[in-house]
Amino acid sequence: MITSVIIPTRDDPGVFDAIESVRGQSYDDFELIVVDASTGSQKESLESFCSSNDIDYFYQPNHDHKPNLNGARNLGIENSRGEIIALMDGDCKAEADWLENLLDYFENHDIVECNVEYVSDRDRNCPMDRVIENDGLGYRFLGAGLAFKREVWKDSPFDEDISFHDDTAFGLEALSNNYSYTYGEQAEIYHDAGRFSAKEFVRERMRFEGDPEFFQKYRDHERFDQEVSHFGRLLYPKELAVLSGFIFFAALSQYNAVISLAGILSIMLLLHSMYLRREWSKRDLDFCPRDSALLFFLVPLTLFVKRFAIWKGVFESRVPVI
């Protein structure tokens with residue numbers, strides 16, 4: 001059966017490697033579609049490369065904003081012919097037997113989440129590396145490696161109004177429509193998304209503005225309820241406690257500046273340690289002095305940014321907190 005591989009991309013320097021990894025598949029009954037939002041020379045190079053290699057190319061600017069990544073996915077699928085749709089990001093590479101192994105799972109299932117593994121060609125693993133993988137865990141519906149039958153998409157296309165957890169929303173809709181899911185351990189994709197700059201690290205937390213909208217729509221979904229309580233989803237009690245500590249010690253500065261500063265620095269150190277410990281539990285980290293120094297300031301800052309983004313989303317979406 002023909003399979004349609006869709007690669008949405010925006011200024012990904014590694015997209016050419018991603019394309020070559022698909023072109024080198026052991027299974028050859030597929031079409032490859034690139035939906036691009038790149039700018040400048042990257043757009044020109046990619047369009048020319050696709051034209052020279054008989055790859056379907058579509059340009060859709062700013063698909064990381066509105067109409068967002070889901071719009072790019074829908075555009076690619078609308079212009080595809082395959083019975084099976086396979087999504088892959090532009091900063092990924094597929095194993096040579098990816099499609100061959102992937103299609104085996106469709107004998108008994110409608111949706112297959114690929115085994116997305118983090119890889120890096122850098123000398124060290126640092127805490128500000130951008131890591132996207134599913135750790136062998138199912139039901140994450142990572143768009144970096146997600147495949148499904150066309151009928152699944154026809155019943156519930158990617159929601160272009162969802163700006164956060166957009167791929168997860170697609171998966172939850174499919175489960176609600178009684179389509180069967182499996183985790184495809186043998187369908188391997190390798191993901192290297194580069195590193196966060198300090199600005200990107202902070203800006204990434206602004207994406208939580210879409211969390212309340214996602215919460216409002218899926219709060220009663222069976223899979224959603226297994227992950228988090230209604231109350232905790234928007235209030236994040238632990239984070240509120242930490243923020244309250246910051247406010248308390250900041251207010252204390254009017255009476256005792258030394259204790260105030262010591263309290264604030266202690267909270268910052270605690271947050272820094274907790275973040276590094278969490279990252280260390282996911283993967284082996286090397287000592288990266290620059291990252292460590294930056295994170296001492298960035299982690300507390302992102303706590304405030306994330307809280308601001310969530311409550312902004314609460315008011316804009318009129319989400320009931322409890």
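The values are calculated or read from the model by the stated rules, or taken from the named source; none is laboratory data. Not measured: the values here are computed from a predicted model. Positions of Cβ are generated from backbone atoms using ideal geometry, with glycine treated the same way; all protein chains shown enter the neighbour counts.
Quick grid of which residues meet (1) in contact (Cβ under 8 Å) with a residue 60 or more places away in the chain; (2) under 13 Å from Arg150 (Cα atoms); (3) surrounded by fewer than 21 Cβ atoms within 10 Å (Cβ to Cβ):
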| residue | (1), (2), (3) |
| --- | --- |
| Arg73 | yes, yes, no |
| Ser80 | yes, yes, no |
| Glu83 | yes, yes, yes |
| Met88 | yes, no, no |
| Trp98 | yes, no, no |
| Leu102 | yes, no, no |
| Phe106 | no, yes, yes |
| His109 | yes, yes, yes |
Can you name every residue in segment 154-174 that is more than 16 Å from the chain's Cα centre (by Cα) and not in a loop (DSSP other than H, G, I, E, B)?
Lys154, Asp155, Glu173, Ala174
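Matching residues to (1) out of contact with any helix residue (DSSP H, G or I) (no Cβ under 8 Å at 6 or more places or on another chain); (2) part of a helix (DSSP H, G or I); (3) of a type in the set (Asp, Glu):
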{"site": "Pro8", "(1), (2), (3)": "no, no, no"}
{"site": "Leu32", "(1), (2), (3)": "no, no, no"}
{"site": "Leu46", "(1), (2), (3)": "no, yes, no"}
{"site": "Ser51", "(1), (2), (3)": "yes, yes, no"}
{"site": "Gly71", "(1), (2), (3)": "yes, yes, no"}
{"site": "Gly82", "(1), (2), (3)": "no, no, no"}
Got a number for residues in segment 264-284 being surrounded by 15 or more Cβ atoms within 10 Å (Cβ to Cβ) and either over 21 Å from the mean Cα position of the chain (by Cα) or in the same structural domain as Glu117 (by TED's automatic domain parsing) (or both)?
5
Quick one: Arg233 ticks every box in (1) at pLDDT below 80; (2) surrounded by fewer than 18 Cβ atoms within 10 Å (Cβ to Cβ); (3) part of a helix (DSSP H, G or I) bar one, so which box is it?
(2)
Answer yes or no as to whether Glu20 is within 25 Å of Glu188 (Cβ to Cβ), of a type in the set (D, E, K, R), out of contact with any Pro (no Cβ under 9 Å at 6 or more places or on another chain) and crowded, with 20+ Cβ neighbours inside 10 Å.
no
Please work out if Glu151 is outside the structural domain of Lys306 (by TED's automatic domain parsing), surrounded by fewer than 18 Cβ atoms within 10 Å (Cβ to Cβ) and modelled with pLDDT of 95 or more.
yes
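Residues are listed down the side, and each one gets a yes or a no for (1) in a loop (DSSP other than H, G, I, E, B); (2) assigned by TED's automatic domain parsing to the domain that holds Leu175; (3) within 16 Å of the chain's Cα centre (by Cα):
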site: Ile85; (1), (2), (3): no, yes, no
site: His109; (1), (2), (3): yes, yes, no
site: Val112; (1), (2), (3): no, yes, no
site: Asn125; (1), (2), (3): yes, yes, no
site: Asn134; (1), (2), (3): yes, yes, yes
site: Arg140; (1), (2), (3): yes, yes, yes
Please go through segment 183-219 and give me each residue that is assigned to a strand (DSSP E or B) and either under 24 Å from Leu172 (Cβ atoms) or of a type in the set (A, V, I, L, M) (or both), ordered by number.
Tyr183, Gly184, Glu185, Ala187, Ile189, His191
